[in-house]
1. Restricting attention to the alpha-carbon atoms of region 129-194, what are Rg (one decimal) and Dmax (integer), both in Å?
2. Using a Gaussian network for the chain with springs between C-alpha atoms less than 10 Å apart, which of these wobbles most: Ala82, Ala104, Ala140?
3. Mean-square fluctuation check for the chain, GNM, Cα pairs under 10 Å: which of Val199, Val165, Val219 is largest?
4. Heavy-atom accessible area per residue, the chain, 1.4 Å probe: how many Å²?
5. Rg and Dmax of the chain, Cα atoms, in Å?
6. Return the FRET efficiency for the residue pair His225, Val78: r is the Cβ-Cβ distance, R0 is 25 Å, and the value is rounded to the nearest 0.05.
7. Using each residue's phi in region 185-196, evaluate 6.51 cos²θ - 1.76 cosθ + 1.60 at θ = phi - 60° and report the 3J(HN,Hα) Karplus result to the nearest Hz, with x for Gly and Pro.
8. So if each residue of separation counts as 0.36 nm, and I subtract the Cα-Cα distance between Leu68 and Ser20, what length gain in nm does that give?
Amino acid sequence: DSFEHGQAQPELGLLSDRPSSGDAGALFLAMLSERTAPDRLVRNSWSTTRQRSQGLVPSDRLRSSPDLWEVLRQMLDVQHIALDDELIELGVARYFAGPRPRRAQARYRVLGALPSDGAVPLAHDIQLSHGSVHLHDHAALHELGSAYVRVSLAREGAAPERLQVWLRGELGPRWSLTAVRLDPDGRELGRTAAPARPVPNSYVPVALDPGTSAVLLVVTQLPAHLPDADVRRESEQGYELIIEVSD
């Protein structure tokens, strides 16, 4: 049930001081286990968190380092995997869960096993043949939260050849913008992403081939620095999108 609760509120962060964030955090760890250390993630994490505190702090206390985020980064660094890439991958992967058409395209067992009501909601679900639209009326994102916009492409008349997306977010965090091309069955055909950076503006152009029926846009708020389990963070930030479809 916790996975379903986490899916229902994708705008919230992962493993923060909000009790509900643990639901999505558990989903992240399950996906990470499948990708990097099948059946060994918990054992490896526990081994890496060992610490010797004697003489460094009072005897009745433990050091708060390494915490979970430090351990995850260290484990991934050893495998030459960037933590940012895994967080962005989770943002995209969470869409492919829930209703049968989405669940059938799931790349991870943990997502494919979720029931039909385990889908992330869409912030916007629009149809656009030509022209542009400005989207700004939606929930803000917390640190490591994601939002989803599906753009269905009308095929009346001349088929559009290009979709362009501009993202503008509030200052502070880093912003990730990924565009995923979908075929009529909801299968991923390919994706284009803007690199995450502290500048709050991103741009992604998407070439539309005849097989593309829709484009899924995934916005994820990444922290400016590695999250710290000892620091309370409230970084709810707004963003807006401009989407243009043209020949």
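The values are calculated or read from the model by the stated rules, or taken from the named source; none is laboratory data. Just so you know, these numbers come straight off a predicted model, no measurement behind them. Neighbour counts run over all protein chains shown; Cβ positions are idealised from the backbone, glycine included. Surface accessibility is based on the protein's heavy atoms, side chains included, excluding ligands, DNA and RNA. Shrake-Rupley method; radii C 1.70, N 1.55, O 1.52, S 1.80 Å.
1. Calculated on Cα positions, Rg and Dmax stand at 14.0, 43 Å.
2. Ala82
3. Looking only at Val199, Val165, Val219, the largest GNM fluctuation is found for Val199.
4. 51
5. In order Rg, Dmax, the Cα atoms of the chain give 19.4, 75 Å.
6. 0.75
7. Coupling constants for region 185-196: 8, x, 7, 6, 9, x, 9, 10, 9, 8, x, 5 Hz.
8. 15.5 nm
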